[in-house]
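Presented below is the structure to which this report refers.
Since every read-out is calculated from the coordinates, none of them should be taken as a lab result. As the structure is a computational prediction, the values presented were derived from the model and not from experiment. Here the Cβ positions follow ideal geometry from the backbone for every residue, glycine too, while neighbour counts run over all protein chains shown.
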């Protein structure tokens with residue numbers, strides 16, 4: 001079914017056509033008619049499924065013409081907020097609707113000016129939006145559409161209390177949509193009181209990596225993690241590499257280490273200023289940086305194409321995040337490789353990932369690398385340790 005059959009306005013159809021899209025994705029086919037019908041939605045959708053257009057196009061259609069602030073989209077990070085606001089501008093370019101993005105790390109002046117002049121759509125991170133609300137610069141009295149995007153990430157970042165305060169300031173009579181890759185208990189509880197009889201949509205939730213991705217575990221002693229990353233890059237014919245770290249400090253450490261080794265490296269995490277983050281992304285996209293080191297929160301939902309390799313310097317905290325991380329490569333039917341460094345402390349998480357994807361991940365030992373001893377490299381020793389543990393229990 002083409003977009004023209006979904007009930008979208010002429011302006012929205014012109015916008016999506018100008019953006020180069022002809023056929024709706026599965027989540028757009030499911031969500032657009034529901035949004036146009038006024039239904040609340042709980043959507044489970046991964047990055048790359050077309051989620052933003054699934055709510056942006058029907059909201060543009062229902063808003064119609066310029067008016068008061070009627071649509072609010074909450075995002076966990078500055079990058080996601082900027083991308084979603086750009087999408088609203090692109091899809092709404094043939095309308096007179098105005099959108100503004102609001103996030104921290106930059107001055108208040110331009111945001112305050114846009115709010116004073118009047119906007120129809122606000123895309124915001126919770127903290128900076130509350131600042132504007134407390135100063136009386138942004139009032140939510142006329143909100144008709146509230147979108148809680150990447151709700152699980154807002155939970156991870158500790159934003160849920162702020163999100164609840166914002167929801168409490170919105171009118172009770174509104175249409176609410178919640179999108180989240182996962183729906184942990186805290187999110188489910190919030191959905192119960194924030195949404196009314198929501199329709200549930202689950203699209204694009206992968207439990208296994210794409211067939212175009214070759215992935216493997218590289219066991220090593222913990223104090224050789226850095227050496228192994230350097231060696232992997234030396235032995236790999238790569239175009240661009242995205243390296244995931246668990247914390248901001250580790251991301252800075254890996255970035256500095258690879259820079260000393262002669263690599264062109266950018267780093268992305270929540271402590272970087274907005275201009276630094278934009279410079280890192282722009283440089284990685286246009287090839288000035290060959291390696292981007294990032295934390296999960298900073299990298300969530302980023303629109304970066306043609307990544308040839310992903311390296312997990314640290315094991316992801318959640319099993320689903322493994323599929324999400326390595327899915328940054330091997331996109332659009334291209335081939336991709338994903339390497340995950342595994343230490344003895346990671347065994348429990350590896351088992352959780354393998355259970356989640358329903359398959360064992362190959363272990364790889366690279367030739368001519370001066371490994372220190374670890375039971376991970378001695379399957380028989382690891383087996384004996386497991387047997388001893390069972391006897392003690």
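For the range 3-203, calculate the relative contact order in percent as a whole number, restricting contacts to Cα pairs under 8 Å that are 6 or more residues apart. Display every interim value, and only then the final one.
Working: 365 pairs, mean separation 57.2, N = 201.
Answer for the range 3-203 is 28 percent.
Using a/c under 1.5 as the rounded threshold, could you call the range 1-103 rounded, prolate or oblate? The axes a ≥ b ≥ c are square roots of the C-alpha gyration tensor eigenvalues, and prolate needs a/b larger than b/c, oblate otherwise.
Rounded shape, in that the Cα axes give a/c under 1.5.
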### Message
How tilted is helix 225-234 with respect to the longest principal axis of the chain? Cα atoms for both, answer in degrees (0 to 90, nearest 10).
### Response
80
### Summary
Here the FRET efficiency for residue 193 versus residue 270, based on Cβ atoms and R0 = 30 Å and rounded to 0.05, is 0.60
### Task
Based on a Kirkwood Rh over C-alpha pairs, give the Stokes-Einstein translational diffusion coefficient of the range 3-203 at 37 °C and viscosity 0.692 mPa s in µm²/s.
196
#### Entry: Helical mean residue ellipticity (222 nm; -39500 (n - 2.57) per DSSP H run of 4+; nearest 500) of the chain
-12000 deg cm²/dmol
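To one decimal place, what orientation-averaged projected area in nm² is obtained for the convex hull of the Cα set of the range 115-266?
Value for the range 115-266: 13.9 nm².
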### Task
State the Cα centre-to-centre distance between the range 33-100 and the range 129-154 in whole Å.
14
### Task
Would you mind computing, in nm to one decimal, how far apart the modelled labels at residue 260 and residue 214 are, each placed 7 Å from Cα along Cα→Cβ?
3.1
## Note on the structure
Once residue 237 and residue 378 are pulled to full extension, the length gained, defined as 0.36 nm per residue separation minus their Cα-Cα distance, is 47.9 nm
### Query
Against the longest principal axis of the chain, how steep is helix 51-63, in degrees 0 to 90 to the nearest 10, with axes from Cα atoms?
10
### Message
With angles folded into 0 to 90 degrees, how steeply does helix 78-91 sit against the dominant principal axis of the chain? Use alpha carbons for both and round to 10.
### Response
50
### Query
Just 273, 329, 125 to compare: in a GNM of the chain, with alpha carbon springs under 10 Å, which one fluctuates most?
273
### Task
Over the Cα atoms of the chain, compute the convex hull volume and normalise it per residue, giving Å³.
155
